[in-house]
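Worksheet: the structure to be examined is printed underneath.
The values are calculated or read from the model by the stated rules, or taken from the named source; none is laboratory data. Worth saying up front: this structure is predicted, and the values here are computed from it rather than measured. Don't worry about glycine lacking a Cβ; one is built from the backbone with ideal geometry, like all the others, and counts go over all protein chains shown.
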Amino acid sequence: MKLDSDDFELFGVPRRFEQDRGALDARWRALQAEVHPDRFVGEGGAAQRVAMQWAVRVNEAYQRLKDPLRRGALLCELAGTSIDAERNTAMPGPFLIQQMAWRESLDEADTVEAVNALNDEVAEHHRKGLAELQRLIDTDHDFPAAARQVRALMFVERFASDIDRRLEQLGQ
């Protein structure tokens, strides 16, 4: 293993959006077994510190690879297309209109049923958005469009968190 390997190389998986979660989980367990600091107890403090660095590196890579949105962002970055989510918040008009309609629906929702219906709609939009992201990356190799899709899905995930908070307020 090389510390400067990208996450896909580190895990020995293809550099693509679609990943087998079971394979990622199994590879994570195998890598952790290799680098766990407890395996290096008899080799002194320096070896344990290096093992700890490796364990952290493996965990960070696993967190990125298992999360579809973070994986998509990583693939865009590796292809030379920055997500730039902090500074680039421009979204297409229809997407912004959808966001405003959802926000208004959430503000007006006063029952658990109404919020759950909105939650279902947003979850379906998220599912379709991830499928679109997979197509943009794995089939079309259109990383600028994929970066825009990642940014849009970040908004959707943030809004889904707002829905969860609203459900908590309603006692659900």
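Here are a few things to note about the model shown:
- When residues in the stretch 53-91 are screened for being in contact with a Pro (Cβ under 9 Å, 6 or more places away or on another chain) and part of a loop (DSSP other than H, G, I, E, B), 1 of them pass.
- Any hit, the stretch 74-87, residues being surrounded by fewer than 18 Cβ atoms within 10 Å (Cβ to Cβ) and in contact with a His (Cβ under 9 Å, 6 or more places away or on another chain): yes
- Just one of the listed residues (VAL156, VAL115, VAL56) is farther than 30 Å from ALA23 by Cβ and either under 20 Å from the mean Cα position of the chain (by Cα) or free of Cβ contacts under 8 Å to residues at least 60 places away in the same chain (or both), namely VAL115.
- Residue within the stretch 22-42 that is without any contact (Cβ under 8 Å) to a residue 12 or more places away in the chain, surrounded by 15 or more Cβ atoms within 10 Å (Cβ to Cβ) and part of a helix (DSSP H, G or I) present: yes
- Any hit, the stretch 126-141, residues being in a loop (DSSP other than H, G, I, E, B) and either in the same structural domain as ARG15 (by TED's automatic domain parsing) or out of contact with any strand residue (DSSP E or B) (no Cβ under 7 Å at 6 or more places or on another chain) (or both): yes
- Filtered residues of the stretch 56-73 (kept if of a type in the set (A, V, I, L, M) and buried (at least 19 other Cβ atoms within 10 Å of the Cβ)): VAL58, ALA61, LEU65, LEU69, ALA73
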